[in-house]
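The values are calculated or read from the model by the stated rules, or taken from the named source; none is laboratory data. The structure presented is a predicted model; accordingly, all values stated were derived computationally and were not measured. FYI the Cβ positions are ideal-geometry reconstructions off the backbone, even for glycines, and counts take in every protein chain you see. Keep in mind that these areas ignore ligands, DNA and RNA; they rest on the heavy atoms of the full protein, side chains included. Shrake-Rupley method; radii C 1.70, N 1.55, O 1.52, S 1.80 Å.
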Amino acid sequence: MCSTIIRIIADTCKTTDDCIQLLKELPHACSYNYSIGDRKGRHVVVEASSHKVEVREKEGTLTCTNHFKNPQMESYNREHLTHSIQRLTAMTHKNADGIELFNWFSDPSSEMYFHDYKQFFGTLHTFGYFFKEDRFITKIANGKETLDIKLNDWINGKPLPLNKLTGSVPGTDFKRLCTKGFESVPGTF
């Protein structure tokens, strides 16, 4: 459900305010944190559950992991938060730029990268968003390639630098992850 909501947001919203309004209107089947930002520089984390939606906003770096921080949402957190809290604490104390943080999250030897796939708590992908540059980067679990997309170039028809990402999820039946080929046509990801 979350991936469908993200697609609806991408297809219909232009600003952070548009996203917030839509997330308050849509039903949510599970708890999820949506990190949202726009080119105007407004960044928020929308904490959504099947019962309630709240928005966190502050100046400077805004972080989230796999639990709610808003006091009105804490009762919707799952019981075991140890890994999520450890990751948030580490992020809060890290003084790094966006690329360094992306590399830190996507490096399998990093404390931010989780390998507990059998318990459904493993890193599957990492994203970095650079709102002022209209750019985002992504990498999948244990992958070698990083897809770097400059949104305006892509919208104007420039082909993506890669058409496939590969990786793996060790210790599971999914030994190899592979994205299907990307379309270079804007809007058809």
Using only Cα atoms, locate the centre of the range 1-18 and the centre of the range 94-172, then give the distance between them in Å, rounded to an integer.
-> 20
Classify the range 56-174 as rounded, prolate or oblate, taking a ≥ b ≥ c as the square roots of the eigenvalues of its Cα gyration tensor: rounded when a/c is under 1.5, otherwise prolate if a/b is larger than b/c and oblate if not.
-> oblate
For the range 1-147, what is the charge dipole size about the Cα centre, in debye to the nearest 20, if Lys and Arg each add +1 at the Cβ and Asp and Glu each add -1 at the Cβ?
-> 60
Sparse-neighbour loop sites [GluC sites (Glu not before Pro); the range 21-60; at most 13 other C-beta within 10 Å; DSSP] | E57, E59
Zone of H51 (label point 7 Å along Cα→Cβ, backbone N under 11 Å): which residues in the range 61-91?
-> 73-77
Indicate the gyration tensor shape class of the range 1-100 (rounded, prolate or oblate), computed on the Cα atoms with a ≥ b ≥ c the square roots of the eigenvalues: a/c under 1.5 is rounded; otherwise a/b larger than b/c is prolate and the rest oblate.
-> oblate
The range 97-113 scanned against label point 7 Å out from H83 along Cα→C-beta; backbone N under 16 Å for 105-113
Stretch in the chain that is longest and holds no trypsin sites (Lys or Arg not before Pro) that DSSP places in a loop and that have at most 15 other beta carbons within 10 Å = 95-143
How much of the accessible area of the range 1-119, in percent, comes from carbon and sulfur atoms when a 1.4 Å probe is used?
-> 48
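Per residue, how many Å² of accessible area does the range 51-170 show with a 1.4 Å probe?
Values: 7610 Å² over 120 residues.
Ligands and nucleic acids excluded, the result is 63 Å² per residue.
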Set K24/K118; K24/K139; K69/K139; K139/K164, cut-off 22 Å on Cα-Cα distance; pairs above it are K24/K118; K24/K139; K69/K139
